[in-house]
Amino acid sequence: MSSKSNFSKRYTAEFKRDAVELALSSDKTVTEVARDLGVSPESLRGWVKQAKADRGQGPEGALTGDEKEELRRLRRENREQQQTIEILKKGLAFFAKETVK
């Protein structure tokens, strides 16, 4: 059996911030810094990319962390509203059919 867990590790915001600063200020590659810290290179690359976007240094159109959170919230609200609309439509159809009888 593999020694790797199927569960992803959770890192604190402080750890991520420090890891990003180390990666950006180091002469080492992101992969080397990740290995030194015991995190996956893909995770560290993602953290660095997000940190750059949050600082306005990311690619054009990259969303900041706050914008991503707002987008998630708005999508959740939209989904809930769509479900409410569907329920109301079904209720309206039911009562419209009952009044015709």
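Just so you know, all these numbers are worked out from the coordinates, no wet-lab data involved. Everything numeric here is computed off the predicted structure, so don't read it as measured data. Glycine also receives a Cβ, built like all others from the backbone with ideal geometry; neighbour counts cover every protein chain displayed.
Against the list (1) of a type outside the set (K, R); (2) assigned to a helix (DSSP H, G or I); (3) within 18 Å of the chain's Cα centre (by Cα), the condition A62 fails is (2).
Condition check ((1) hydroxyl-bearing (S, T, Y); (2) loosely packed, with under 10 Cβ neighbours inside 10 Å) across all residues:
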{"site": "G61", "(1), (2)": "no, yes"}
{"site": "T64", "(1), (2)": "yes, no"}
{"site": "E67", "(1), (2)": "no, no"}
{"site": "E70", "(1), (2)": "no, no"}
{"site": "Q81", "(1), (2)": "no, no"}
{"site": "L88", "(1), (2)": "no, no"}
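Restricting R35, R72, R45 to those that are assigned to a helix (DSSP H, G or I), in contact with a helix residue (DSSP H, G or I) (Cβ under 7 Å, 6 or more places away or on another chain), on the phi < 0 side of the Ramachandran plot and not acidic (D, E) reduces the list to R45.
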